[in-house]
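Right, one structure below, let's go through it.
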Amino acid sequence: MPAPSKDFIRKAFDSITPRYDRLNQILSFGMSEAWRKRSAELVLGDPRFTPKTILDLGCGTGKFLECFLQKKSWESAAGVDFSVAMLKKARETVPGKVLWLQEDFDALPFLEGSFDLVVSAFTLRSVQRLSEFLANVQRILTPGGRAAFLDLTRPRNVWVRLFFYPYLKLILPLLGWLVSGDRKAYGFLSDSVRRFQPPEETMRLMQSAGYRDCTKKSFAFGAATLNHRREMTSNLTSS
């Protein structure tokens, strides 16, 4: 399914910002925060990987970036989003020195090799040209840098699907509408998860864009998946 227009996405996320974090926890049965934290642990768990600079693309209110900031100290950290309301909340709620930028992640204003680590949570479904996006992320990574993409996906277990699909199609949009007041935003969320490509296709696109040593980790029977690159042959690794 083609991603909706950027103007629609921007307006949708601006409108749901005040209740966004709480509603995400409710709709994920309290698991979204745990998914973020576990993803940060996995990405930073290799002692041979010692990144100093980090960028969060589509950072929203900064919750994913905050998980990485809590794990270690960084020489520089940046978050990019094109929702003004989301960035405002990130500035107000995420502690530490972070450069928050209102930018389009399809036209990143960074030089080649700018970041050791690029992360993104729950944003790939909004990318209109995913292959180009992944190539651009690859461009701004330092040699041996890593990228990690956490997104909502579809469970494989047939019994879990019996609950998951009715919830995704009917209950999630209704709850999102009742709590946030924005029916279209959570209708898009439901549709995009149901039609988004499987994690294996995301990994294939990453490899086609030049990412090496890719792996994935599923959470909650596949309701969310972390796709990330584990590069161990560079100036960011040690013997």
Original post:
Listed residues Leu124, Leu117, Leu172, Leu152; which is modelled with pLDDT of 95 or more, closer than 23 Å to Arg38 by Cβ and either touching a Phe, Trp or Tyr at 6+ places or on another chain (Cβ under 8 Å) or not hydrophobic (A, V, I, L, M, F, W, C) (or both)?
Top reply: Leu117
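Would you confirm, using the coordinates I've provided, whether Phe163 is out of contact with any Ser or Thr (no Cβ under 9 Å at 6 or more places or on another chain), at positive phi, at pLDDT below 90 and not acidic (Asp, Glu)?
So Phe163 fails the test.
Out of all the residues in segment 92-100, is one or more small (Gly, Ala, Ser) and assigned to a loop (DSSP other than H, G, I, E, B)? Break it down into steps so the answer makes sense when it comes.
Within segment 92-100, the subset small (Gly, Ala, Ser) is 96.
Imposing the further condition that a residue be assigned to a loop (DSSP other than H, G, I, E, B) reduces the set to 96.
Yes: one or more hits.
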Original post:
Which condition breaks for Asp104 when tested against (1) of a type in the set (Asp, Glu); (2) loosely packed, with under 13 Cβ neighbours inside 10 Å; (3) under 20 Å from Ser73 (Cα atoms)?
Top reply: (3)
Original post:
Do we find that Cys67 is touching a helix residue (DSSP H, G or I) at 6+ places or on another chain (Cβ under 8 Å) and part of a helix (DSSP H, G or I) in this structure?
Top reply: yes
**OP:** Please state which one of Arg48, Arg22, Arg38 is more than 22 Å from Phe219 (Cα to Cα) and among the basic types (Lys, Arg).
**Re:** Arg48
**OP:** Could you list all residues from segment 24-58 that are farther than 19 Å from Ala147 by Cα and polar (S, T, N, Q)?
**Re:** Asn24, Gln25, Ser28, Ser32
**OP:** Name, by its number, the condition in (1) more than 22 Å from Asp106 (Cα to Cα); (2) aliphatic (A, V, I, L, M); (3) at pLDDT 75 or above that does not hold for Ile16.
**Re:** (3)
**OP:** May I ask you to verify whether Arg156 is crowded, with 21+ Cβ neighbours inside 10 Å, in contact with a strand residue (DSSP E or B) (Cβ under 9 Å, 6 or more places away or on another chain), in contact (Cβ under 8 Å) with a residue 24 or more places away in the chain and among the basic types (Lys, Arg)?
**Re:** no
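The values are calculated or read from the model by the stated rules, or taken from the named source; none is laboratory data. None of these values were measured; they are calculated from a predicted model. Neighbour counts are summed over all protein chains in view; Cβ atoms, including those assigned to glycine, are modelled from backbone coordinates with ideal geometry.
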